[in-house]
Amino acid sequence: MQYNKVEICGVNTSKLKVLSEKEKTELLDERLLSTPPVAIERCRMVTVKMAETAVNALKKSFAMLFNYNEKDAIAIREDEDKTDKYEDSLGTYLVKLSNENMNESDNQEVSKLLHMIGDFERIGDHAVNIVESADEIKNKGLSLSDEAKKELTVMIEAVSEILDLSLDAFKNNDLEKAYAVEPLEQVVDMLKLQLKSAHVNRLRKNECTIEMGFVHSDLLTNLERVSDHCSNI
């Protein structure tokens with residue numbers, strides 16, 4: 001379903017970006033529960049904002065690995081907190097909606113959204129996990145080798161592409177983009193194995209420390225799990 005229309009279900013979508021988080025969740029008016037198609041559309045609108053918040057936080061966290069700064073770290077944690085609040089508001093509303101008398105199509109849409117908000121919330125969590133890894137690198141005086149940076153950049157670019165495809169597929173109900181996610185997710189799985197192997201080789205050659213190895217492993221795991229959530233979406 002396209003979201004380029006100016007007005008959906010009586011709400012001017014061009015103004016959504018300037019609404020506060022409280023105002024956005026207030027779009028989930030319980031009086032609409034008796035009209036499930038309208039209530040579902042409102043849920044989709046709020047879920048889009050949740051998704052954008054989570055994806056933007058994750059992309060900002062990628063940059064932190066190579067250029068850490070406290071201001072952005074705080075902003076990312078705030079965005080993650082927003083995704084938690086979105087999940088709580090949406091989850092509560094969707095569960096109430098599921099108790100209404102709905103046709104099979106609406107039931108499936110509610111179920112789909114309930115699953116998706118969990119995946120978007122986890123993407124926000126991974127953004128914070130990556131920030132914590134970046135913080136550890138900075139505070140412990142660790143460093144990624146030039147080769148490790150190049151390898152991570154390749155994996156980050158692949159995950160970024162999956163994120164964009166998944167977000168667009170959800171926002172615009174674009175099946176073509178949805179189908180493109182799974183092959184890329186498999187590429188990320190392969191990259192994780194290759195990068196782990198390359199890092200073990202660097203350890204054997206004393207080109208990296210054990211401590212940095214733990215951080216590197218955590219980063220690869222977070223990136224791979226983000227791609228899994230995109231696949232779910």
Next on the checklist: Just to confirm the filter: which trypsin sites (Lys or Arg not before Pro) across the range 201-233 are DSSP coil and have at most 11 other Cβ within 10 angstrom of their Cβ?
Outcome noted: 205
Checklist outcome for this item: For the chain the translational diffusion coefficient, Stokes-Einstein from a Kirkwood Rh over Cα pairs at 4 °C and viscosity 1.567 mPa s, in µm²/s, is roughly 68 µm²/s
Checklist outcome for this item: the chain accessible area per residue, 1.4 Å probe, protein heavy atoms, integer Å², reads 51 Å²
Checklist entry - Among 227, 160, what's the order by accessible area (1.4 angstrom probe), most exposed first? => result 160, 227
Item to check | For the range 111-151: rounded, prolate or oblate by the Cα gyration tensor [a/c cutoff 1.5] | outcome: oblate
Checklist outcome for this item: On each of the three principal axes the extent of the alpha-carbon atoms of the range 15-140, given in whole Å and largest first, is 56, 27, 17
Next on the checklist: Please give the charge dipole size of the chain, origin at the Cα centre, charges +1 on K and R Cβ atoms and -1 on D and E Cβ atoms. Round to the nearest 20 debye.
Outcome noted: 420 debye
Item to check | Volume per residue that the Cα convex hull of the range 152-233 spans, once the total is divided by residue count, Å³ | outcome: 67 Å³
Checklist entry - At q = 0.21, 0.23 Å⁻¹, what base-10 log of I(q)/I(0) does the Debye formula yield for the range 44-115 when every alpha carbon is treated as an equal point scatterer in vacuo? => result -0.86, -0.96
Checklist entry - Once both axes come from the Cα atoms, what is the angle between helix 36-64 and the longest principal axis of the chain, in degrees from 0 to 90, rounded to 10? => result 20 degrees
Checklist entry - Pairing the Cα long axis of helix 70-98 with the longest principal axis of the chain, what angle in degrees results, from 0 to 90 and rounded to the nearest 10? => result 40 degrees
Next on the checklist: What does the charge count around residue 74 come to, taking other residues whose C-beta lies under 15 Å from its C-beta (Lys +1, Arg +1, Asp -1, Glu -1)?
Outcome noted: -3
Checklist outcome for this item: Mean projected area, convex hull of alpha-carbon positions in the range 76-154, reported to one decimal in nm², is 7.1 nm²
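The values are calculated or read from the model by the stated rules, or taken from the named source; none is laboratory data. Here the structure is a predicted model, which means the values were calculated and not measured. As a convention, Cβ positions derive from the backbone with ideal geometry for all residues, glycine included, and neighbour counts pool all protein chains shown. When the accessible area is computed, the model is the full protein with side chains, heavy atoms only, and any ligands, DNA or RNA have been set aside. Shrake-Rupley method; radii C 1.70, N 1.55, O 1.52, S 1.80 Å.
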